[in-house]
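See structure below.
The values are calculated or read from the model by the stated rules, or taken from the named source; none is laboratory data. This one's a predicted model, so the numbers in the text were calculated from it and none came from an experiment. Here the Cβ positions follow ideal geometry from the backbone for every residue, glycine too, while neighbour counts run over all protein chains shown. Please note that ligands, DNA and RNA were not included when accessible areas were found on the heavy atoms of the full protein model with its side chains. Shrake-Rupley method; radii C 1.70, N 1.55, O 1.52, S 1.80 Å.
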Amino acid sequence: QVQFVESGGGLVQPGGSLRLSCAASGIIFSIYTMGWYRQAPGKQRELVAVISSRGSTNHDDSVKGRFTISRDNAKSTVFLQMNSLKPEDTAVYYCYAERGGRKSWGQGTQVTVSS
């Protein structure tokens, strides 16, 4: 069973930065696709960024140029560097691990962008 430890969320002013981390255990991390979704109040969960086992990345258009996903296979951890944050980035951010079409989810971490 996959277990996740997410960290790095919090309250930040518009224009600020945060770095989310998600450490996974119970899997062979290096062979999994990893990613981040977010869910704002009253909205559906949406994909933010994904990184393949080979390191290929894809970012949603709403965060391109501001957010960067990366991974450290030696630490079984995926990161989301978030810069130039906007109030509309406020959401609960969930990491996930995917293989064979099956996703496992982290518990989520709150990101609030407000002055």
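What number comes out for the charge environment of ALA97, summing +1 per Lys or Arg and -1 per Asp or Glu over other residues with Cβ under 13 Å away? Summing Lys/Arg as +1 and Asp/Glu as -1 gives +2.
Comparing LEU80, LEU20, LEU11 in a Gaussian network model of the chain (Cα springs below 10 Å), the most mobile by mean-square fluctuation is LEU11.
Build a GNM of the chain with springs between Cα atoms under 10 Å apart, and of PRO14, PRO41, PRO87 the one that fluctuates most is PRO41. Restricting attention to the chain, the count of lysine pairs at 8 or more positions apart or across chains with alpha carbons under 23 Å apart stands at 5. Whenever you get a sec, compute what percent of the accessible area on the chain sits on carbon and sulfur atoms (1.4 Å probe). C and S fraction of accessible area: 44 percent. With springs connecting C-alpha atoms under 10 Å apart, model the chain as a Gaussian network and identify which of ARG19, ARG102, ARG54 has the largest mean-square fluctuation. Answer for the Gaussian network model of the chain: ARG102.
The residues of segment 1-74 expose on average 57 square angstrom of accessible surface per residue, using a 1.4 Å probe on protein heavy atoms.
Computed over the alpha-carbon atoms, the chain gives an Rg to Rh ratio of 0.95, Rh here being the Kirkwood radius from the mean inverse distance.
Give me the net charge of ASN83's neighbourhood, meaning all other residues with Cβ under 14 Å from the Cβ of ASN83; Lys, Arg count +1, Asp, Glu -1.
Working: positive: ARG19, LYS64, ARG66, LYS86; negative: ASP89.
Summing Lys/Arg as +1 and Asp/Glu as -1 gives +3.
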